[in-house]
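Since every read-out is calculated from the coordinates, none of them should be taken as a lab result. Given the structure is predicted, the values throughout are model-derived calculations rather than measurements. Don't worry about glycine lacking a Cβ; one is built from the backbone with ideal geometry, like all the others, and counts go over all protein chains shown.
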Amino acid sequence: MLKDVTLGQYYSVDSVVHRLDPRFKIRFTIAYILLLLLDRNLPLFSILSVVFLVSAYLSKVPFSHMLKGLKSIFIFILICSALNIFTTPGHAIVNLGGIEITEEGLIKFGFIFWRMVLMILMSSIIMYTTTPTELTDGLEKCFHLSGSVAMGITIALRFVSVLFEELHRIMRAQEARGANFHKGGPIRRLKALSTVIIPLFRNSIDRASNLADAMDARCYEGGKDRTKLNPLTYEFRDFIGYVLLLGVIALSVWMIIKF
């Protein structure tokens, strides 16, 4: 499963979404997530699902590639959503020794699961279609951050996938030496995983140190006076994107009011 972690990795392909300004993509993603959190009704979620499918199609990132990234955190999403089945009061359908499964809980479970999946998949599109440099510039402009802070946030986001790759490499090396991470009970598996924690921690520090040395060797300095080789400029497609975003917001608000 670790080798299937794709969240946070840039997917190099030429598409409309790749060519959009990173400032628009950041604002679009934030607005999309806020709309998901505003209300819980079927028409709203249906519209936002269509918006995601269109965005994914235009990005030219294979849907199977996105699902690989979702697979690693699917259990976490499922558990967080399933808790609502037993904690939501309402009309009881099943009673398991005092623990009731309610109809309202099942409905809430479905909507929360749907919401979390859409949030993660839509958020991943901006990572797949935006280079680290573009993402840093976009964060700096959107939130008026210093270059150093924006760079730190970008590196932290990208470092997640790097750590998973490093963990997978270490586990394969340990398996070649006779370690087994797939047999036995949970306690035995945790003991086996302890053999990769120290190498992973050490390699993470080495990677961070090498990255700092590389940036220092290239005389990197963050700050408001730092110039850009390719400054961000809006193009006609970005203005069309903002118009479409306003249309999605207006339609979603109408759905919330009407339903």
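Packing, as the average of other Cβ atoms within 10 Å across residues, places the peptides 128-139, 60-71 in the order 128-139, 60-71, highest first.
Based on every Cα atom in the chain, Rg and the maximum pairwise Cα distance Dmax equal 22.0, 66 Å.
Computed over the alpha carbons of the range 3-90, Rg followed by Dmax gives 15.6, 50 Å.
Computed from the alpha carbon positions, the gyration tensor of the range 199-259 leads to an equivalent ellipsoid with semi-axes of 43, 23, 9 Å, biggest first.
Label point of V16 set 7 angstrom out along Cα-Cβ; within the range 227-259, amide nitrogens under 20 Å from it belong to 233-252. The helix-based estimate of mean residue ellipticity at 222 nm for the chain, built from -39,500 (n - 2.57) per DSSP H run of four or more residues and divided by its residue count, is -24500 deg cm²/dmol to the nearest 500.
The share of alpha-carbon pairs in the range 7-160 lying farther apart than 20 Å comes to 57%. Taking 0.36 nm per residue of separation and subtracting the current Cα-Cα distance, fully stretching the chain between T195 and L163 would add 9.9 nm. When the Cα gyration tensor is reduced to axis lengths a ≥ b ≥ c, the ratio a/c is 1.5 or higher for the range 98-249, and with a/b not above b/c it is classed as oblate.
Temperature 20 °C, viscosity 1.002 mPa s: under these conditions the Stokes-Einstein estimate for the range 45-126, based on its Kirkwood radius over C-alpha pairs, is 152 µm² per second.
Counting only lysines at least 8 places from K60 when in the same chain, those with an alpha carbon closer than 29 Å to its own are K3, K25, K68, K71, K141, K228.
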